[in-house]
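Written out below as structure tokens is the structure these notes cover.
None of the figures in this text is laboratory data; all of them are computed from the coordinates on show. Model, not experiment: these values are computed from the prediction. All Cβ positions, even for glycine, are placed from backbone atoms using ideal geometry, and neighbour counts span all protein chains on display.
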Amino acid sequence: MDQAESLRIIKARDQAKPLARVITVTSGKGGVGKSNTAINLAIHFKKMGKRVIILDADFGLANIEIMFGAVPKHNLCDLIYQGKSIKDIITWGPGEVGFISGGSGIAGMSNLSIDYLNYIIRNLAELDSIADIIIVDTGAGISDAVLEFLVASGEILLITTPEPTSITDSYSLLKAVSRHPRYDRENTRIRMIANRVEREEEGQILFKKLYSVVQRFLKLPMSYLGSIPYDQQLSRAVMQQVPVSLANPNARSAVAYERIAARLLDKEESARTVNRGMAAFFAHIIGKK
């Protein structure tokens, strides 16, 4: 039995179990508020009664643990190479949101034996019983690692700011995704969030600007999810290493994050979403389908 066949069997077996909803948050460039978005959406999902885990896949930067003010004892490398269980590598941050530090382990997973990969995938599949929603916070830009996460995901949230470089880099990222041989156009939802805007209208204009270019040259399905205003309260919360949605729930940015989280959990929105679970997510990355 080859690697791909073995992973397909694992995925088929896990379809009988409840599967977590996997949402991947990304951006074309760094410094646009991607990790802040992942954290604050997670806080609001938790407030709305969902169990949430964040996978920090921004290798080497550890943004999630810094913003949470929590230092993990273990990371994904310890599950892969040290035999730790999935529960061992989850760190619980503020607001009872769990997170897993990715370390640099995923890059070398494709070189492991099929038996060991099966073991890892089975452990990762346990996240489906621990969390209702798993947010994957990718690195910024168009690295191979980022693209692998994006094409494995059924839901992509693209964070863009009004800066011209952010718009250009967002387009470049979408172009790279659309050209990836394993990108599933029919079963991937891409939605944009406009960050650091002065008013809601500015976010809508930003989306229309990017959308028009994407439709003209890529013909890629994409929708607008909403905007997050520029907010000094958010900046202060970052300095305090506390999510703004906990430090100041009435802040403009916190209210905006709550609104977007509610849209993502809307009954009609959820009905259009196919939960893939973590086994299928990682099997896609490792097994190359």
Greater than 28 Å apart at Cα, pairs in K50/K209; K34/K208; K84/K267 = K50/K209; K84/K267
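What size of dipole, in debye to the nearest 20, comes out for the chain about its Cα centre when the only charges are +1 on Lys and Arg C-beta atoms and -1 on Asp and Glu C-beta atoms?
Values: 36 positive and 30 negative charges, 123 e Å.
Dipole of the chain, to the nearest 20 debye: 580 debye.
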query = What residue among I120, I23, I66 has the largest mean-square fluctuation in a Gaussian network model of the chain, using Cα springs under 10 Å?
reply = I66
Nearest-ten-degree value, helix 114-125 long axis tilted from longest Cα axis of the chain = 40 degrees
key: Dimensions in Å of segment 156-289 - Rg and Dmax from alpha carbons   = 16.6, 45
remark   = Charge tally for neighbours of A256 with beta carbon under 12 Å away, counting Lys, Arg as +1 and Asp, Glu as -1, is +2
inquiry  = Debye calculation, C-alpha points only, no solvent: report log10 I(q)/I(0) for segment 3-287 at q = 0.07, 0.13, 0.15 Å⁻¹, in the same order as the q values.
reply    = -0.23, -0.85, -1.15
